[in-house]
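Asks: Starting off with a structure, shown below.
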Amino acid sequence: MSASQSQMGNKTGIALKCFVYPVLFIVAGLFCANDASSSFPVAPPQEYGRVVIKNYSRAAGLAPVVFDHWLHRARFTCRLCHVDIGFAMQSGGTGIKAGTNEKGFYCGSCHNGSYTFEDRKVFASCSTKGSDAGNPRCERCHSLDRKVKKEYDFATFTKNLPKGGGGNGIDWEGAEERGIIKPVDFIPGISVKRKPLKPQGDFTIKSRGKWIKADIIFSHKKHVKWNGCEVCHPDIFPSTKQGSLNFTMFDILDGRYCGVCHLSVAFPINECGRCHTKPVQ
Amino acid sequence: MKAFSFMIVFILVFSAMSLAQTGVKKKRPLPYEYGTVVINNYSSKAYMAPVVFNHWLHRANFTCRLCHVDIAFAMKAGTTGIRAADNMKGYYCGSCHNGKMQWQDRKVFEACSKEYDHKDMRRCERCHSLDKDVKREYDFSKFTEKFPKERFGNGIDWEKAEAEGYIKPIGFLPGISVKRPPLKIQKDFSLEPKVQGMPQIIFSHKKHIVWNGCELCHPEIFSGVKKGLTKYSMPEIFEGKYCGACHGLVAFPLLDCQRCHTKAVLEAPEQQPEQKEPPTHGFLNRFDGGNMPCPQLLLTAH
């Protein structure tokens, strides 16, 4: 190699170091940045899991919808809403329209004015008829930044529920075990019963982080209780073969895989020890 | 420069991976949305709105085979590459939508045409309707009101709907279809799932050929008619291959595990079933002398 050539090589090296690499990293960062949940959610218990839905509200002259996930999860299984009714598991991902609710889909599956729950009629959701405009019923959901007294207060509702952990600060599993909550898994006219499949035994997932000295124990049995098979398979975890999906904590923090629930509604991801339970020798 | 090109490849792969949103849960399409195909190969370039094709309406009236074999539509959105000129010549949509075909005492409206005036624009909009406020002639909820209901997909039990006489899908189009004597149907058989503990799959040729004949699935989707030739797994099906060509898009979706995984699990899965003479089934004997033409691992005569 001649001197001029090696000089050229050096120049390319310097250019790579000073300019090309940083630019490429920024470009890569831009591609990888995901609007789903790039910042870690920190919310007080009563707000954890809250979903603000604003696909069409503002355009229709209404306040965005504030959806209290804790109230619904206390009464219905995850499967019921996210499989049978078909809600997406990303806020704004369903694109709910008033007309769709009125036809009896999405919120309108229960909030139709005729569905009865615990001896009371569930209030009807949207109506596209003009006469209903300004109805105080609208504000039960369309309530962002409005002074609306919610019918169910978090503190009162959860007073008797066992406490524990982050998120809503409720031990939801324990609450069901003790019979304080009994999530409903069937809506007549919408759900169709299937014979339950036998849940696979608990298995271990090897932790890749050298700094965390515990493997993950995954329990299908615990998960199928509220999720059935269909919340997770095949959309979130397409493969049912262990080890064929190669995801990392970064993916999870990005709101994918376990992060679909364990970032926003189920116990949060910063409770490392709840999944990483098996000490590694 | 090697490092540089490596970086480029790394970034491209990484960004592609991050853009492909796997591991998330999207909304389940509503019954009237399920199976809808948006076709935009050439529409936008011709200053037309993309076509919105209602699969539910057509599947209620015609067999799968008629459109996907006799007329030869692809089974993946946008891969047929339909042109206005093709339709005008009487291919694809123009096979029926030619302004002449009679269907239940009415003439089927004509698809694309070269000459048109402003009155015809409404006809264009019957198909070229994406993001347009077009009143459809057939309303899903009215059309399917009395149909037996099922879980997921269009929310219709199409099989039962035919059995109860609500739908009578047509499998023959004069001038296009040519009748062949039907082949004898192979019996139902079971497939062993790879995940231990999952119930076996019971596959029914009888149920599938009613609307599909042989030609919809063989040889393109399932090329192997000999055991072990076509190897596939659930992830491939989820990607839209094999069973996923229909189940997940237009037929009942893959979310409904128990509709295929129906057979009870054997008590002792470790025990290998004893080797028997390959079972002989129906018409396939003619091709391979009795070897069971199953694309999966284990097969038991059911």
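Asks: Going by a ≥ b ≥ c, the root eigenvalues of the Cα gyration tensor, does the stretch B:37-143 fall in the rounded group (a/c under 1.5), the prolate group (a/b larger than b/c) or the oblate group?
Replies: Taking the square roots of the gyration eigenvalues as a ≥ b ≥ c, the stretch B:37-143 is rounded.
Asks: Compute the relative contact order of the stretch B:37-143 as a whole-number percentage, counting only Cα pairs closer than 8 Å that sit 6 or more residues apart in sequence.
Replies: Across the stretch B:37-143, relative contact order equals 26 percent.
Asks: Residues in the stretch B:182-216 near a label at B:ASN61, defined as backbone nitrogen under 20 Å from the 7 Å Cα→Cβ point?
Replies: Residues B:211-212 qualify, since their backbone N sits under 20 Å from the label point.
Asks: Turning to a different aspect of this structure: Let me know the mean shielding of A:226-234 by other chains, meaning the per-residue number of their Cβ atoms within 10 Å of its Cβ.
Replies: 4
Asks: Moving on to the next point. Convert each backbone phi in the stretch B:102-109 into a coupling constant with the Karplus relation 6.51 cos²θ - 1.76 cosθ + 1.60 (shift: θ = phi - 60°), then list the ³J(HN,Hα) values in order as whole Hz, x for Gly and Pro.
Replies: So the J values, rounded to whole Hz, are 8, 9, 6, 6, 9, 7, 6, 4.
Asks: Would you please classify the overall shape of the stretch A:155-196 from the alpha carbon gyration tensor, given that a ≥ b ≥ c denote the square roots of the eigenvalues, rounded means a/c under 1.5, and beyond that prolate means a/b larger than b/c while oblate covers the rest?
Replies: Taking the square roots of the gyration eigenvalues as a ≥ b ≥ c, the stretch A:155-196 is prolate.
Asks: Averaged across the residues of A:138-148, what count of C-beta atoms belonging to other chains lies within 10 Å of each residue's C-beta?
Replies: Rounded to a whole number, the mean comes out at 0.
Asks: Can I ask one more? Please order B:ASP188, A:ASP84 by the number of other Cβ within 10 Å, starting at the fewest.
Replies: Starting with the residue having the fewest Cβ neighbours, the order is B:ASP188, A:ASP84.
Asks: List every residue whose amide H lies under 5 Å from the amide H of B:GLY224, counting only residues 5 or more places away in sequence or on a different chain, with H placed 1.01 Å from N in the peptide plane.
Replies: Result for B:GLY224 returns B:THR230.
Any read-out appearing in this document is the output of simple, stated calculations on the displayed coordinates, not a laboratory observation. The shown structure was predicted, so the numbers you read here are calculated from the model rather than taken from an experiment. Reconstructed Cβ throughout: ideal geometry from the backbone, glycine too, with neighbour counts over all protein chains shown.
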